[in-house]
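Only the coordinates and a few stated rules stand behind these numbers; no lab work does. Everything numeric in this text was worked out from a predicted model, so none of it was measured. Methodologically, a virtual Cβ is constructed for each residue, glycine included, from the backbone with ideal geometry; neighbour enumeration extends over all protein chains shown.
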Amino acid sequence: MDYISILPIQALHGLVYGMLLFLLASGLTLIFGMMGVLNFAHGALYMLGAYLSFTVLLWTDQFWLSLIIVPVLVGFIGVFIERVFLRKAHAHGHVAELLVTFGIAYILEDVVMILWGSEPLKVEIPAILAGSLSMFGVTYPTYRLFILAVSLLVFVLLFLTLIKTRAGIIVRAAVDNKEMVSALGFNVPLVFLVVFGVGAGLAGLAGVIGGPYLMTHPGMGAVILIDLFVVIVIGGLGSIKGALLAAILIGTIQSFGILFIPQFALFFQYLLLAVVLIFKPEGLLGGSK
């Protein structure tokens, strides 16, 4: 095998998967890393986003419409989950959150199988993104480059929102000292409700984009959930920059691990997790946004 010619393609594969991981992990960073809410239903919301996107495409044949509608729908579902279930569970600690969100994840998975069936679905890529582009002597699918572009745009928007805007300052202050923020007259439960909704919406957006890239099936949320928590822990709780760095590292490790030592591909990411927990337990960029 000519590894030299494969390396650039494999690096792009790792970067694309890593950026999709970041897109999904960014929502979990807001929910788990910043709010401290242990949400094991995040993967199920990602799965739901993929299936809702499939339905919107089936009914309208408009991928761009699903890119707008589905994250909003999943965001509102997240708002409902936080307001009705998680707000009460949060008062009883992480064990209660774990049990509640696990139950919600199983319910959503059953709902998906009832409505769409258990067979994998193929989501069509829009014609404008179905080709390939040549750059630096490498030909690569346009849709995968689109995943890179959207994920990078989300990173920039989230980072600027959290650092530069009044809303971002309020969110960060509420995370650090919610009693003080509440005393200043801000509705902290409403702030957290909006943050949870945005995080769920990002999971829905990842589902829309990830559906055509990865096969849409009922177990897709559970499959990617472990990688998500590895990304959050390695990057540092609450750090958007850390989530980006960790996601790219995990994507790259998996891509080259599958190429060179496929039977140990997953071992290396857990080895990285163990090393980070031993030498920098707060994460690579823990404490920064």
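Helix 94-116 and the long axis of the chain differ in direction by around 50°, with both axes built from C-alpha atoms.
What FRET efficiency comes out for residue 173 versus residue 84 if R0 is 30 angstrom and r is the Cβ-Cβ distance? Round to the nearest 0.05. Please report the intermediate quantities before stating the final value.
Values: r = 26 Å, r/R0 = 0.87.
E between residue 173 and residue 84, to the nearest 0.05, is 0.70.
Show log10 I(q)/I(0) for the chain at q = 0.07, 0.08 Å⁻¹, two decimals, from a solvent-free Debye sum over equal Cα scatterers. With no solvent term, the Cα-only Debye profile gives -0.26, -0.34. Based on C-alpha pairs under 8 angstrom that are at least 6 apart in sequence, the chain has a relative contact order of 36 percent. Measuring between their Cα centroids, the stretch 41-116 and the stretch 141-215 lie 16 Å from each other.
The ranking of 87, 166, 144 by Cβ neighbour count inside 10 Å, starting from the fewest, reads 166, 87, 144.
Under 20 Å of direct C-alpha separation, and excluding same-chain neighbours fewer than eight residues apart, residue 280 reaches these lysines: 241, 289. Of all lysines in the structure, the ones whose alpha carbon falls short of 19 Å from that of residue 88, not counting any fewer than 8 places away in one chain, are 178. With axes computed from alpha carbons, what is the tilt in degrees of helix 42-60 against the longest principal axis of the chain, rounded to the nearest 10 within 0 to 90? Tilt of helix 42-60: around 60 degrees. For the stretch 87-122, backbone nitrogen atoms closer than 18 Å to the point 7 Å from residue 182 Cα along Cα-to-C-beta are found at 87-94. Taking label positions 7 Å along the Cα-Cβ direction at both residue 60 and residue 274, the computed distance is 4.8 nm, reported to one decimal. Each other residue within a Cβ distance under 12 Å of residue 221 adds +1 if Lys or Arg and -1 if Asp or Glu, for a net charge of -2. Each label was represented as a point 7 Å from its Cα along the Cα-to-Cβ direction; for residue 134 and residue 9 these points are 1.5 nm apart.
With r defined as the distance between the Cβ atoms of residue 190 and residue 226 and R0 fixed at 30 Å, what FRET efficiency is calculated, to the nearest 0.05? That pair, residue 190 with residue 226, gives E of 0.40.
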